[in-house]
1. Using only alpha carbon positions, build the gyration tensor of the stretch 339-378, then give the equivalent ellipsoid semi-axes as the square roots of 5 times its eigenvalues, largest first, whole angstrom.
2. Can you tell me what share of the DSSP beta bridges in the chain is antiparallel? A percent to the nearest 5 is fine.
3. Working out 0.36 nm times the residue gap between A261 and A27, then minus their Cα-Cα distance, what length gain in nm do you get to one decimal?
4. Quick one: if you stick a label point 7 Å off each Cα along the C-beta vector at E84 and E109, how many nm between them?
5. Counting only Cα, what are the radius of gyration and maximum Cα-Cα distance Dmax of the stretch 215-326, in Å?
6. Using 1/(1 + (r/R0)^6) with R0 = 41 angstrom and r between the beta carbons of D356 and R269, what's the FRET efficiency to the nearest 0.05?
7. Each residue of the stretch 312-327 in order: what ³J(HN,Hα) in whole Hz does its phi give by Karplus 6.51 cos²θ - 1.76 cosθ + 1.60, θ = phi - 60°, with x for Gly and Pro?
8. About the Cα centre of the stretch 12-372, how large is the charge dipole given +1 on each Lys and Arg Cβ and -1 on each Asp and Glu Cβ? Please answer in debye to the nearest 20.
Amino acid sequence: MLEFAKSGPFTLGVEMELQVVDRDSGALSPRAEEFLDGWTGPLRVRAELFQSMLELGTGICLTAADAERSLRATAVPLVARAREMGVRFIASGTHPTARYQDRHVFPAERYHGLIERNQWIARRLLIFGLHVHIGMPDPETCIAVQNELLHDLGLLLAMSTSSPFSQGEATGLASSRITAFEAMPTGGTPALVADWSEFSTLVAALMRSGAITSLKDLWWDIRPSPRFGTLEIRVCDGLPTIRETCAVVALSQVLARRAGARIAAGDGRSFPPAWRIRENKWRASRHGMEADLVIGDDGTTMACRAWLSTTLDELDAGGYFTGNTSYLPDLRRLADGAPTCAARQLEVFERTQDLDAVTLALADEFDADVLRGSTPTE
């Protein structure tokens with residue numbers, strides 16, 4: 001069976017995929033390689049598939065507040081370096097106007113291999129997400145927590161929706177980004193497995209058949225990451241500010257803690273039916289926080305904001321927010337009707353009829369959050 005690295009149970013690692021854009025026009029700028037060549041800040045900034053992308057990450061963190069401190073410690077010199085180069089950053093799921101046909105692939109063997117294998121499908125991956133690694137005590141718990149969190153992926157996607165525009169068009173979706181993975185042969189909704197043995201057998205078959213060359217080729221919405229001893233949540237769109245990012249990170253960690261407690265008590269849930277996972281993903285991608293999500297196998301639904309409110313009450317009462325209580329007000333505002341990033345973009349466009357204004361508003365949000373700063377109290 002696959003080996004699984006040791007990690008601190010329910011610790012965190014966070015990765016934000018950033019868009020590199022021109023300071024004045026907001027257009028994507030293929031300058032990641034140049035940026036990294038001159039980067040002397042923390043070693044938490046990495047290349048990504050395209051030259052107009054960078055990844056901002058953390059080390060191992062105990063809480064979302066720790067992750068926020070880590071991200072901010074890197075973001076301040078990151079923004080300073082960007083100013084020197086005449087570029088800025090955006091952290092939404094898509095760039096409103098950029099065309100994938102105009103992008104430049106970062107000069108790395110893995111990325112060029114990805115394009116060669118998947119062709120047009122991979123060339124369209126001009127998308128930007130949030131990835132949350134959660135430490136798992138052992139591989140069996142990893143699969144059990146994954147199966148628990150499959151019940152919650154629609155909610156996490158709805159909260160993070162930030163890609164209503166793509167290729168210069170209004171898509172009618174709150175998250176157009178998430179649909180891109182559905183075309184990948186090993187992307188999107190994960191295979192449903194009961195335990196680590198079944199997952200290991202599946203991976204061996206995929207490797208033997210040539211369907212994947214490494215576990216990195218599993219572009220699932222949630223997946224085990226044996227190399228780090230983590231469960232990686234990948235369903236979320238990128239969020240425009242570090243504060244909003246870490247609120248979603250906090251909820252992800254808290255949901256995983258609850259899942260772990262249920263499993264330890266023998267009360268863990270199996271994965272939901274595949275139709276419900278896919279239906280909730282679709283509803284969240286289409287309507288964001290205004291969706292009605294399916295909460296029961298009999299088809300029972302609940303308004304997304306009401307589900308978030310109920311979930312927060314249960315998690316808070318259960319004591320699972322320890323170390324992350326400073327994010328409860330942010331999350332409750334969203335439950336009470338605060339607009340998502342997708343909704344804010346649509347409001348800017350309705351007011352200005354200008355997608356460039358939407359793009360620059362996103363860059364302004366990222367800059368303002370970094371420059372304003374925040375010191376989590378936990």
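FYI, it's all coordinate maths here, none of it is from the lab. A quick note: this is a predicted structure, and the numbers were derived from the prediction, not measured. Cβ: placed from backbone, ideal geometry, glycine included. Neighbour counts: every protein chain shown.
1. Working through the eigenvalues yields semi-axes of 25, 12, 5 Å.
2. Within the chain, antiparallel bridges account for around 90 percent of the total.
3. Working: separation 234, 0.36 × 234 = 84.24 nm, distance 4.61 nm.
Residue separation times 0.36 nm, minus the Cα-Cα distance, leaves 79.6 nm.
4. Result for the modelled spin labels: 3.1 nm.
5. 15.0, 39
6. 0.35
7. 3J(HN,Hα) across the stretch 312-327, in whole Hz: 4, 4, 5, 5, 5, 5, x, x, 7, 8, 3, x, 10, 5, 5, 8.
8. On the way: 37 positive and 47 negative charges, 81 e Å.
For the stretch 12-372, the charge dipole is close to 380 debye.
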